[in-house]
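Contents: one structure, followed by commentary.
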Amino acid sequence: MKNNSLRAIWIIPNILFYLLSLALLAFNMANAQSLREIHRLEIWILALLILLLVSFFGTFQIKGWIKKGKM
């Protein structure tokens with residue numbers, strides 16, 4: 001497998017995680033009052049933070065692989 005295709009296999013899902021994070025942020029902002037009323041806003045914010053951490057970790061991991069020449 002070429003390096004370019006390997007990069008695409010790892011980078012495309014990472015970009016999708018960032019897009020999902022943006023969608024989740026928009027959902028949280030649009031429904032904050034309703035989620036607060038049913039005491040679920042904290043859970044959704046925690047899910048957003050975990051998703052962002054996974055995205056950041058993936059980005060740094062891919063960046064490290066590229067620097068080391070593994071990708």
(request) Look through 44, 10 and report the one residue that is modelled with pLDDT of 95 or more, of a type in the set (Phe, Trp, Tyr), assigned to a helix (DSSP H, G or I) and open to solvent by 50 Å² or more (accessible area, probe 1.4 Å). (result) 44
(message) Step by step: first the residues of the stretch 27-37, then only those that are under 28 Å from residue 60 (Cα atoms) and open to solvent by 60 Å² or more (accessible area, probe 1.4 Å), then the one that is nearest to the chain's Cα centre (by Cα). Which residue is that?
(response) 27
(message) So residue 16 ticks every box in (1) over 27 Å from residue 70 (Cα atoms); (2) in a helix (DSSP H, G or I) but one. Which box is left unticked?
(response) (1)
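The values are calculated or read from the model by the stated rules, or taken from the named source; none is laboratory data. The model shown is predicted, which means the values in this text are computed figures rather than measured ones. Areas reflect the complete protein model, heavy atoms only, side chains present, ligands, DNA and RNA absent. Shrake-Rupley method; radii C 1.70, N 1.55, O 1.52, S 1.80 Å.
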